[in-house]
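First up is the structure itself, then whatever we jot down about it.
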Amino acid sequence: MTKYIKISNYAPCVNRLSLEKLGYSSKRDDPDSIGQFGSGIKYAPISALRLGLEFVFTGHDDKGAYTLKYKTEVKDGINCIVYDYGDYVENSSFTLEAGIMSWDNEFQIYREAVSNAKDGEFWKKSIVDEITIEKDTFAVYITASPLMMDIYNNHDSYFCENTPKVFSYEGSSILEKTSDDFRIFCKTVLVHEDSSINSMFDYEMNLALLNEDRNIKSLYSNEYDIISLYC
């Protein structure tokens, strides 16, 4: 029996179109939100498809309850993405290769689902046997493959909400070390990791600038910000 990683949050209404349209984000002007680009939650299910994983949305909007699966249909020899709602299917402008140059691993898939839920209220994660629709709940279900479960079971290596803070100042924190690698987090999410650098601490830099694949945009600027934090 297939098991799923379920990542959910309280959300009475999530417009299904917001899960289809690239670039749309309701969080862009919210400095406290993690996701602002409007692309990650679209690329994640396509990346999951390439890795042979299911990635299923459930929620409610003004049209009622829905279950959305990204699927592929071959059209003129091209693997096209379609939005399968069960009782109807919508075409998309995506192909199966969308994001292939930068979206290539299980962590990115898990990260997007968790980041999206953390931007909501009362988020939680669990392992379940089936996909269901719950009242006032938006959820993502991801196939609990061995690699996905390894990330799930080591959640605190990828998100720092449970890591003790040594010192905090103006949106930045020095964190207790929990791995051998040099790691930087932004709004609890791992955004940079380097095994070649020795570091006594990890860091959460909530004002760091990120690129669209949610990595540090400028390591030079970030090093300056870390020095400023110590000062």
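Given a Förster radius of 45 Å and the C-beta distance between GLU161 and VAL89 as r, what FRET efficiency does 1/(1 + (r/R0)^6) yield to the nearest 0.05?
0.75
Could you state the number of Å between the C-alpha centres of the range 201-231 and the range 6-20?
Centre-to-centre distance over Cα atoms comes out at 30 Å.
Give the aspartates and glutamates reachable from LYS124 as a straight Cα distance under 20 Å; neighbours fewer than 8 places away on the same chain don't count.
Output for LYS124: ASP32, GLU54, GLU106, GLU112, GLU134, ASP136, ASP150, ASP156, GLU161.
Can you give the relative contact order of the chain as a percent, counting alpha carbon pairs under 8 Å and 6+ residues apart?
Over the chain, the number comes to 22 percent.
Among residues other than GLU90 whose Cβ falls under 15 Å from its Cβ, what is the net charge (Lys/Arg +1, Asp/Glu -1)?
Here the charged neighbours net out to +2.
What net charge do the residues around MET149 carry, taking every other residue with its C-beta under 11 Å from that of MET149, with Lys and Arg at +1 and Asp and Glu at -1?
Summing Lys/Arg as +1 and Asp/Glu as -1 gives -1.
Of TRP123, TYR141, GLY171, which is farthest towards the positive pole of the range 51-202's charge dipole, taken about the Cα centre with +1 and -1 on the beta-carbons of Lys, Arg and Asp, Glu respectively?
The Cα lying farthest towards the positive end belongs to GLY171.
Just the number please: accessible area per residue for the range 155-197, 1.4 Å probe, all protein chains included, in Å².
Roughly 49 Å² per residue, with all protein chains present.
Please list, by residue number, everything in the range 36-70 whose backbone N is under 19 Å from a paramagnetic label point 7 Å out along Cα→Cβ of LYS217.
36-41
Measure off, as a whole percent, the carbon and sulfur share of the 1.4 Å-probe accessible area of the range 123-203, all protein chains present.
It is 48 percent, rounded to a whole number.
Pick from TYR141, TYR83, TYR70: which is most flexible by mean-square fluctuation in a GNM of the chain where alpha carbon atoms under 10 Å apart are linked?
With Cα springs under 10 Å in the chain, the top fluctuation among TYR141, TYR83, TYR70 is at TYR83.
How large is the Rg to Rh ratio of the range 55-101 when both quantities use alpha carbon positions and Rh follows Kirkwood?
Working: Rg = 12.1 Å, Rh = 11.7 Å.
Reported Rg/Rh (Cα atoms, Kirkwood Rh): 1.04.
Provide the net charge surrounding LYS69, with neighbours chosen by a C-beta distance below 13 Å and charges set as Lys +1, Arg +1, Asp -1, Glu -1.
Taking every other residue near LYS69 into account, the sum is -4.
By how many nm would the segment from GLU170 to LYS3 grow when fully extended, if each residue of separation counts as 0.36 nm and the alpha-carbon distance is taken off?
Fully extending the segment from GLU170 to LYS3 adds 56.0 nm.
Viscosity 0.890 mPa s, temperature 25 °C: give me the Stokes-Einstein translational D for the chain in µm²/s, with Rh taken as the Kirkwood radius over C-alpha pairs. Each step should come with its number before you reach the end.
Details: Rh = 18.7 Å.
My calculation gives 132 µm²/s for D.
The values are calculated or read from the model by the stated rules, or taken from the named source; none is laboratory data. Fair warning: this is a prediction, and the values are worked out from it, not measured in the lab. Note that we place each Cβ from the backbone using ideal geometry, even for glycine, and neighbour counts take in every protein chain shown. For accessibility, only protein heavy atoms count, side chains too; no ligands or nucleic acids. Shrake-Rupley method; radii C 1.70, N 1.55, O 1.52, S 1.80 Å.
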